[in-house]
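What follows is calculated from the coordinates using simple rules that are stated; it is not laboratory data. Bear in mind the structure is a predicted one, so any value in this text is a computation, not a measurement. No Cβ is skipped: glycine too gets one built from the backbone with ideal geometry, and neighbour counts run over all protein chains shown.
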Amino acid sequence: MHSRTIISSFLITAALLSAVAACTSSDTTPTTVSPKTTSTDGEPTQHAFEADHFESGAIVGDVVTEDCTLSGGTVTKCQRVTIAGYPSSYKVGPFCPGTITTPAEEAGIWFDGNGVYNLDGNFIANLSTFYNDDEWHMYDSDGNVKVTNTQEAFEGAARPDVDPLYQNHCVQGRLEWLPGGVPVETTVLIPAQPVKAASASSSHPGNLGVTLDGVVIAESAPVSAILGAHTIAAFDDCGGHYNPIAGYHLHGAMGCGHLQDDHVKGETAMFGYAIDGYPIHLPLDDADLATADLDECNGHSSASEGYHYHANSAAKNAVLPCLMGEFVSTAAEGQPQGAPGGAQGGATPPAMSPADLSSAAAKLGVTVHELEDALADGPNSNPETVAAVLGVSVADLNAALPPRPEG
């Protein structure tokens, strides 16, 4: 089991999602490495995308350079990358404890925006006290934890409208329960050279980036929805878990897997790329954080590393708070291979921009992920079904969404 950097034993979260957008392709050529850019005084200004940074097996097929248009209107070159969807250098799991006496070493973790907690048996046994809610009772009379131990149970629980049969369950998935029993590959378009945006953006195509191990870095897990169904969708010690459509993906940076470390004082190792092309480094410790002068998106520049992000502590349930760079904003090709468009973890519905989704979600009092998951058929989703999944009225749903397409 991967060594822990956490303490205590309480709390929760999980989620579903996936998808990063794409752009129209032309002038495609295979590529493997893009060089680091250099300022006029000879110092590096940023790391460009480099396929050689990835662990062997993390990328599927060739990396291809193609034309793309970014969210700020910049026309540039992007790297089309298909990641494997499964870590190439560490073992996934464990997730849920088996009994209320299971020690922390045999189970995963939770993080909820306030802390990171060992998901041991004691955590499960004390859920009702921790959440001050007598509806929590996730174990039987023999002390066995109620776990989604079949594919049917997993699929019934790991969705926005949790099947009542699987409320008060610890939710965990398995590789063999994914479509075809294989990892879910995801294709992303990342600017070959990052382009700084006019302002920070918290609205983006869905996923925040990819790890050097070949795993999607997802947005925040929808804690409110999970807790509301009295479920716990467990993370492993690396901050990842399974979703039936998105496969294995990451919600917290725990320091696992393949890292690129230049051993610079006051810096941490790089573990992935954000979808805007800037590198993401591991969280800083308290002492370095105090002097790092990070911007609102957790980024800063250094002579040796150029501009890069530092991930939040996993406790915040948000690897990054926002993006400082432009990104590919068209939703069409970034979804997991084999996933239906707009399904759980799928791409943004075709008629809705990231800004539209963010605005509509805010009006409805739900997360962007929950709205995307409910819009299973894109803009032509049945409004009654979507409203029922989200727990809102049809009138409120129609008022929040952009005009529906004709026909």
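Summary table
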quantity: Efficiency of FRET from Cβ geometry, LYS91 and ALA303, R₀ 25 Å, rounded to 0.05; calculated: 0.10
quantity: Mean Cβ count within 10 Å, highest first, over the residues of peptides 194-201, 289-296, 123-130; calculated: 123-130, 194-201, 289-296
quantity: Whole-angstrom gap from the stretch 226-272 to the stretch 161-216, using each part's C-alpha centre; calculated: 11 Å
quantity: Sequence-distant residues sharing a close amide H with VAL147 (under 5 Å, placed H); calculated: CYS170
quantity: Karplus 3J(HN,Hα) series, Hz, for the stretch 391-397 with 6.51 cos²θ - 1.76 cosθ + 1.60 (x for Gly, Pro); calculated: x, 10, 7, 4, 4, 5, 4
quantity: 5 angstrom amide H check on LEU284, placed H, neighbours 5+ away; calculated: none
quantity: Across LYS77/LYS265; LYS196/LYS265; LYS196/LYS363; LYS146/LYS316; LYS265/LYS316, pairs whose alpha-carbon gap is larger than 31 Å; calculated: LYS77/LYS265
quantity: ³J(HN,Hα), Karplus 6.51/-1.76/1.60, whole Hz, each residue of the stretch 118-132, x for Gly, Pro; calculated: 5, 8, 8, x, 5, 4, 5, 5, 10, 4, 5, 6, 4, 9, 6
quantity: Long-range HN-HN contacts of LEU119 with modeled amide H, under 5 Å; calculated: GLY108, ILE109, TRP110
quantity: Distance (nanometres) between label positions extended 7 Å along Cα→Cβ at ASP293 and VAL64; calculated: 4.3 nm
quantity: Candidates per trypsin sites (Lys or Arg not before Pro) in the stretch 48-105, loop by DSSP, up to 12 other Cβ within 10 Å; calculated: LYS91
